[in-house]
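Undergrad: I'd like to ask some things about the structure below.
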């Protein structure tokens with residue numbers, strides 16, 4: 001039973017599930033919102049790998065591959081993904097759809113909190129992470145959500161440039177820490193640059 005519960009919640013941190021939510025959001029909401037949201041998620045990956053490279057807390061031996069665990073990347077990403085929706089809601093196009101129940105802050109917070117806690121539980125249950133890793137991932141993710149939204153509101157016009165500079169610095173930090181750049185880090189950086197370019201061109 002505990003395995004089933006852990007698997008169920010970890011499904012919500014699965015890349016295929018996240019991609020499905022992105023596609024649904026792109027179809028039901030504004031493209032501008034989705035681009036901003038996807039940019040945040042790409043930035044999150046760069047932040048997490050930089051922190052892992054700094055703290056260098058090794059993966060558990062039974063996982064049989066190199067890497068670091070602190071802070072938990074899955075928890076941090078789940079916090080960013082579901083936390084952003086919880087705190088800052090959904091754009092008007094999505095509010096007018098059949099998912100109107102998610103308009104209310106209380107419901108969004110409850111659902112997102114359950115999912116984030118569930119993901120953390122699943123990671124601890126299978127011994128991928130300990131409680132310290134999960135809490136750190138949650139706190140970093142939560143902080144990133146609010147810093148990103150505050151920056152978006154305050155530096156709306158220059159946000160693409162700010163994100164590009166920040167992401168490029170994080171990419172350089174990754175290179176210094178790892179003496180190489182991991183494939184998925186390149187993917188996140190490339191995706192972020194494409195999103196920023198698309199957002200900039202759409203303004204012209």
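Undergrad: In what sequence do 72, 42, 168 fall when counting other Cβ within 10 Å, fewest first? Walk me through the numbers on the way to the answer.
TA: Values: 72 30, 42 22, 168 14.
So the residues, fewest neighbours to most, are 168, 42, 72.
Undergrad: How do 129, 65 line up, fewest other C-beta atoms within 10 Å first? Mind dumping the intermediate values first?
TA: Details: 129 26, 65 5.
Lowest count first: 65, 129.
Undergrad: What FRET efficiency would be calculated for the residue pair residue 161, residue 4, taking the C-beta separation as r and a Förster radius of 45 Å, to the nearest 0.05?
TA: Values: r = 47 Å, r/R0 = 1.04.
Here the calculated transfer efficiency is 0.45.
Undergrad: Among 28, 182, 51, which one shows the highest mean-square fluctuation when the chain is modelled as a Gaussian network with alpha-carbon springs under 10 Å?
TA: Highest fluctuation among the options: 182.
Undergrad: What is the ratio of the Cα radius of gyration of the stretch 1-202 to 2.2 N^0.38 Å, where N is its residue count, to two decimals? Walk me through the numbers on the way to the answer.
TA: Numbers: Rg = 17.0 Å, N = 202, 2.2 N^0.38 = 16.5 Å.
Taking N as the residue count of the stretch 1-202, the ratio is 1.03.
Undergrad: Out of 12, 155, 138, any idea which swings most in a Gaussian network model of the chain, alpha carbons joined below 10 Å?
TA: Of 12, 155, 138, the Gaussian network model singles out 155 as fluctuating most.
Undergrad: Still on this model: Within a 10 angstrom radius of the beta carbon, how do 54, 164 rank from fewest other beta carbons to most? Spell out each step's value before the answer.
TA: Details: 54 13, 164 17.
Result, fewest neighbours first: 54, 164.
Undergrad: Additional query: Would you give the gap between the C-alpha center of the stretch 100-151 and the C-alpha center of the stretch 1-65, rounded to a whole Å?
TA: Centre-to-centre (Cα) distance: 11 Å.
Throughout, read-outs are computed from the coordinates displayed, never taken from laboratory work. As the structure is a computational prediction, the values presented were derived from the model and not from experiment. Quick reminder, even Gly has a Cβ in these numbers, built from the backbone with ideal geometry, and neighbours come from all protein chains shown.
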